[in-house]
Amino acid sequence: QVQLVESGGGLVQAGGSLRLSCAASGRTFSSYAMGWFRQAPGKERECVAAISWSGGSTYYADSVKGRFTISRDNAKNTVYLQMKSLKPEDTAVYYCARRKTTGWGTPFSQREYDYWGQGTQVTVSS
């Protein structure tokens, strides 16, 4: 059974930075692509970033491109989301997820993922 646990969320002022971590338990972590999603109250869940199993391919939502960086360390079974120049509209619960499909056509689709963490709160004050 795969378990994903997010950490690193908190309260930060606009313009600040945070680094989120997602620790995965279970075997064959390096065989799967991973993604980061976020959901704010009253809004739909959206994909903000994704990374292939090798780390060679990445995806970023237009709203975070240039500010967020996704990375992974397969030896540590961990995926990271480095967030810079944070804005109040980045406030949300952030979730990591494991991708179940192959290919790179739609890494932003929630249907592509089969395991989800419980989330970590990120709050950006203005």
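The values are calculated or read from the model by the stated rules, or taken from the named source; none is laboratory data. Everything numeric here is computed off the predicted structure, so don't read it as measured data. Cβ coordinates were reconstructed from backbone atoms using ideal geometry, including for glycine residues, and neighbour counts include every protein chain displayed. These area figures cover heavy atoms from the full protein model, side chains too; ligands, DNA and RNA do not enter into them. Shrake-Rupley method; radii C 1.70, N 1.55, O 1.52, S 1.80 Å.
Summary of computed values
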{"item": "Accessible surface of the stretch 50-126, 1.4 Å probe, proportion on carbon and sulfur as whole %", "result": "46"}
{"item": "Selected from TYR60, VAL124, TYR80, residue furthest toward positive end of dipole (the chain; charges at beta carbon)", "result": "TYR80"}
{"item": "Amide proton proximity set for ARG72, modelled H, under 5 Å, gap of 5+", "result": "TYR80"}
{"item": "Per-residue HN-Hα couplings for the stretch 53-65 [Karplus 6.51, -1.76, 1.60; θ = phi - 60°; Hz; x = Gly/Pro]", "result": "4, 8, x, x, 10, 9, 10, 9, 5, 4, 5, 10, 4"}
{"item": "Relative contact order (percent, whole number), the stretch 40-81, Cα cutoff 8 Å, 6+ residue spacing", "result": "28"}
{"item": "³J(HN,Hα) computed for each position of the stretch 103-120 - Karplus, 6.51 cos²θ - 1.76 cosθ + 1.60, integer Hz, glycine/proline x", "result": "x, 10, x, 9, x, 8, 7, 4, 5, 7, 10, 10, 10, 10, x, 8, x, 9"}
{"item": "Burial ranking of peptide ranges 83-91, 100-108 (average Cβ count within 10 Å, highest at the top)", "result": "83-91, 100-108"}
{"item": "Cysteines not pairable in the chain (beta carbon separation under 4.7 Å absent)", "result": "CYS47"}
{"item": "Charge dipole (debye, nearest 20) of the chain; +1 at Cβ of Lys and Arg, -1 at Cβ of Asp and Glu", "result": "180"}
{"item": "Efficiency of FRET from Cβ geometry, SER30 and ARG67, R₀ 35 Å, rounded to 0.05", "result": "0.85"}
{"item": "Relative contact order of the chain, defined on C-alpha pairs under 8 angstrom at six or more residues apart (%)", "result": "35"}
{"item": "Packing-based ranking, highest mean first, of 3-15, 31-43 given that Cβ atoms within 10 Å are counted", "result": "31-43, 3-15"}
